[in-house]
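The values are calculated or read from the model by the stated rules, or taken from the named source; none is laboratory data. Just so we're clear, the structure is a prediction, and the values are computed from it rather than from any experiment. Glycine also receives a Cβ, built like all others from the backbone with ideal geometry; neighbour counts cover every protein chain displayed. The accessibility values were calculated without ligands, DNA or RNA, using every heavy atom of the protein model including side chains. Shrake-Rupley method; radii C 1.70, N 1.55, O 1.52, S 1.80 Å.
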Amino acid sequence: ITINSISPGWVETPLTNAALNEQEKMETLDVVPQKRFVEPVEIANLIKYLISDSAKGITGQNINLCAGLTCGC
């Protein structure tokens, strides 16, 4: 059995855009090291990789896909 999890940070979605005004978005991006939101396709690509044979040795991991938000920079 392979069990992994993904913890996305802020993701660029219509819901995110509706929830944050421009000022809030800029303040949020100010604390993200890459100065951007994660794109949904990035999460999909990570899932695709994790379920592939190329990642068969990865298990029991939580992967932060957050543009650096959790790195403590």
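In this structure the amide hydrogen of LEU65, modeled in the peptide plane, comes within under 5 Å of the amide hydrogens of SER7, GLY9, none closer than 5 places in sequence on its chain. Straight-line reach from LYS25: taking Cα to Cα under 25 Å and skipping same-chain neighbours fewer than 8 places apart, the lysines in range are LYS35. Our coupling estimate for region 63-69, obtained by passing each phi through the Karplus curve with A = 6.51, B = -1.76, C = 1.60 and θ = phi - 60°, is 10, 7, 10, 9, 6, x, 4 Hz, Gly and Pro reported as x. Placing dummy labels 7 Å off each Cα toward the beta-carbon, the span from ASN17 to LYS56 is 4.1 nm. Only one residue of PRO40, ASN62, THR2 has its Cα farthest out toward the positive end of the dipole of the chain, where Lys and Arg carry +1 and Asp and Glu -1 on Cβ, and that residue is THR2. A simple rule links phi to the HN-Hα coupling: the Karplus curve 6.51 cos²θ - 1.76 cosθ + 1.60 with θ = phi - 60°, which for region 50-61 gives 5, 8, 8, 5, 5, 10, 4, x, 9, 8, x, 10 Hz, with x for Gly and Pro. Heavy-atom accessible area with a 1.4 Å probe sorts CYS71, CYS66, largest first, into CYS71, CYS66.
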